[in-house]
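Please find one structure pasted underneath; my questions will follow.
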Amino acid sequence: MCPEQIIELMHEYLDDEITPEQEQVLREHLLSCKECESLFNELKKTVAFVKSISTMQAPDNFTANVLSRLPKEKRRIWMQRWMKNHPLLAAASLFFILMMGSLFSTWNQDKDFSVSKQKNLVVRNNTVIVPKGETVKGDVIVRNGNLDIEGEVQGDVTVINGEKYLASAGHVTGQIDEVNEVFDWIWYHIKKTSQDVVQIFGDQPETK
Amino acid sequence: MDAIVKKRIKQVIKGDQDAFGEIVEIYKNSIYQLCFRMLGNRHEAEDMAQEAFIRAYVNIKSFNQDLKFSTWLFRIATNLCIDRMRKKKPDYYLDAEVAGAEGLTMYSQIPSNTPLPESELESLQLQEAVQKEILKLPDKYRTAIVLKYMEELSLNEISEILDLPLGTVKTRIHRGREALRQQLRYV
């Protein structure tokens, strides 16, 4: 029976951890000992067999199955990826948000009542009155208030975010504009479009 | 590749599941193979491999990014398989035909109308025989042998994965090798 130490050397050899001197010892022994030689060959064959088992492929859809079992992804990450994948849409929506923001702020800013300065205009409770029989020269602009025209205005009349009453005796030589209606109209359309956009945004995750 | 994995892990920590998908793609074959060689059953292997990835995802924050990700992942998968092997021990022997049944699925994967070339049949039988013998090894030898020869990992990596001293790993591989030799010498 060969020394246990030789078998140990065989394993060292198979582990690639044998030193040149040890390998020398092993080789010399193998030359002189048939029993050890066949054992060594069997070990090498075993290793070759084990290594020869073909490498395995994971089943189809493995990755998809793993991902479907993961806990839900954070919404922030989803947003980031969406923006990366749709840079144009992201830029467009960013622009839209900014635009809407500025619209909002201008809408909210001029809440204060103001009127252009003409000496014979009478102001009473946010209502500007062009008194009967008086003639106002120049353009009259009223913000956030009403205009009651009983006399004559020689120029344009603009009422922003308010109403004007033109009495039967009143007279305006220039154009009369009521901006609030236009604003309402624009506003209505902005709201409508933005609602549609929000709906598109909202639908996205379900179709994904 | 390690650099890519590191980058992906950072993204995963932020919660990016697509990045995790890429990590799964990189390691799925080795992890699946590890589980299959340990458990000897495709269905169970897939289940365990998936579980290993899910645990890695859930616990990614506890992964020390200075270490090798594969080592950590292998450790998760190995521990899961060892647990599973211990749990199914009682019915393991009743289940002795598992390796044979696997052969059936392997045959069924080959188109039935083309006759199997003899050499291929032989190698298939050899593969089966080897797999069967590996499955007969005691858990601790099997684990070491699979990591060493199927996954081609270094002894140092194996010792890290199994959290065992290098000497112990060596001994287990030697014993496993010796046991396999005795079974496979006449093949």
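Within the stretch A:1-28, track down each residue that is away from every other protein chain (no Cβ under 13 Å) and among the hydroxyl-bearing types (S, T, Y).
Scanning the stretch A:1-28 gives a single hit, A:T19.
Follow-up. Only one of (1) charged (D, E, K, R); (2) open to solvent by 40 Å² or more (accessible area, probe 1.4 Å); (3) more than 21 Å from B:I158 (Cβ to Cβ); (4) at pLDDT below 90 fails for B:D16. Which number is that?
Checking B:D16 against (1) charged (D, E, K, R); (2) open to solvent by 40 Å² or more (accessible area, probe 1.4 Å); (3) more than 21 Å from B:I158 (Cβ to Cβ); (4) at pLDDT below 90, the one that fails is (2).
Here's another thing I want to ask about it. Just to check your reading of the model, which residue among B:E25, B:E44 is in contact with a helix residue (DSSP H, G or I) (Cβ under 9 Å, 6 or more places away or on another chain), away from chain A (no Cβ under 11 Å) and modelled with pLDDT of 90 or more? Quick ask: steps written out before the conclusion?
Values: B:E25 fails: away from chain A (no Cβ under 11 Å).
It is B:E44.
For the stretch B:151-187, how many residues are farther than 19 Å from A:E17 by Cα, at the interface with chain A (Cβ under 9 Å from one of its Cβ atoms) and assigned to a helix (DSSP H, G or I)? First the steps, then the outcome.
Just the residues of the stretch B:151-187 that are farther than 19 Å from A:E17 by Cα, to begin with: B:161-163, B:179-187.
After this cut, where a residue has to be at the interface with chain A (Cβ under 9 Å from one of its Cβ atoms) as well, the list is B:180-185, B:187.
When the remaining residues are screened for being assigned to a helix (DSSP H, G or I), the result is B:180-184.
The qualifying residues number 5.
When both residues are 6+ apart or on different chains and their Cβ atoms are under 7 Å apart, which pairs have a first residue that lies in the stretch A:116-133 and is at negative phi and open to solvent by 50 Å² or more (accessible area, probe 1.4 Å), and a second that is of a type in the set (A, V, I, L, M, F, W, C) and in a strand (DSSP E or B)?
A:V122/A:I129; A:V123/A:V115
Same structure again: Does B:I31 count as of a type in the set (V, I, T) and open to solvent by 30 Å² or more (accessible area, probe 1.4 Å)? So that I can check it myself, show each step before the final result.
On the way: of a type in the set (V, I, T): yes; open to solvent by 30 Å² or more (accessible area, probe 1.4 Å): no.
No: the conditions fail for B:I31.
What is the residue count in the stretch B:1-51 for residues that are assigned to a helix (DSSP H, G or I), under 30 Å from B:K140 (Cβ atoms) and small (G, A, S)?
3
Among helices (runs of 4 or more DSSP H) lying entirely in the stretch A:27-122, which contain 2 or more residues that are modelled with pLDDT under 85 and within 30 Å of A:G145 (Cβ to Cβ)?
Values: elements: A:34-52, A:62-69, A:75-85, A:87-109.
Qualifying helices (runs of 4 or more DSSP H): A:87-109.
For B:D83, are the conditions met, namely being of a type outside the set (S, T, N, Q), open to solvent by 30 Å² or more (accessible area, probe 1.4 Å) and modelled with pLDDT of 50 or more?
Values: of a type outside the set (S, T, N, Q): yes; open to solvent by 30 Å² or more (accessible area, probe 1.4 Å): yes; modelled with pLDDT of 50 or more: yes.
Answer is yes for this residue.
Further, regarding this structure: Contact list please: Cβ distance under 6 Å, first residue in the stretch A:65-91 and more than 7 Å from chain B (Cβ to nearest Cβ), second residue open to solvent by less than 100 Å² (accessible area, probe 1.4 Å) and modelled with pLDDT under 80, pairs at least six apart or on different chains.
Sorted first by the residue in the stretch A:65-91, then by its partner, the pairs are A:A90/A:M83.
Identify all residues within the stretch B:53-69 that are surrounded by 20 or more Cβ atoms within 10 Å (Cβ to Cβ) and either more than 9 Å from chain A (Cβ to nearest Cβ) or outside any helix (DSSP H, G or I) (or both); write none if there are none. Give the derivation first.
Our first condition is that a residue be surrounded by 20 or more Cβ atoms within 10 Å (Cβ to Cβ); within the stretch B:53-69, this holds for B:53, B:56, B:69.
Answer for the stretch B:53-69, where residues must be surrounded by 20 or more Cβ atoms within 10 Å (Cβ to Cβ) and either more than 9 Å from chain A (Cβ to nearest Cβ) or outside any helix (DSSP H, G or I) (or both): B:A56, B:F69.
Identify the single condition in (1) out of contact with any Ser or Thr (no Cβ under 6 Å at 6 or more places or on another chain); (2) surrounded by fewer than 16 Cβ atoms within 10 Å (Cβ to Cβ); (3) more than 9 Å from chain A (Cβ to nearest Cβ); (4) without any contact (Cβ under 8 Å) to a residue 24 or more places away in the chain that B:K136 does not satisfy, given that it satisfies every other one.
Result: B:K136 passes all but (4).
The values are calculated or read from the model by the stated rules, or taken from the named source; none is laboratory data. Since the structure is predicted, the reported quantities are computational estimates derived from the model, not experimental observations. Cβ coordinates were reconstructed from backbone atoms using ideal geometry, including for glycine residues, and neighbour counts include every protein chain displayed. Keep in mind that these areas ignore ligands, DNA and RNA; they rest on the heavy atoms of the full protein, side chains included. Shrake-Rupley method; radii C 1.70, N 1.55, O 1.52, S 1.80 Å.
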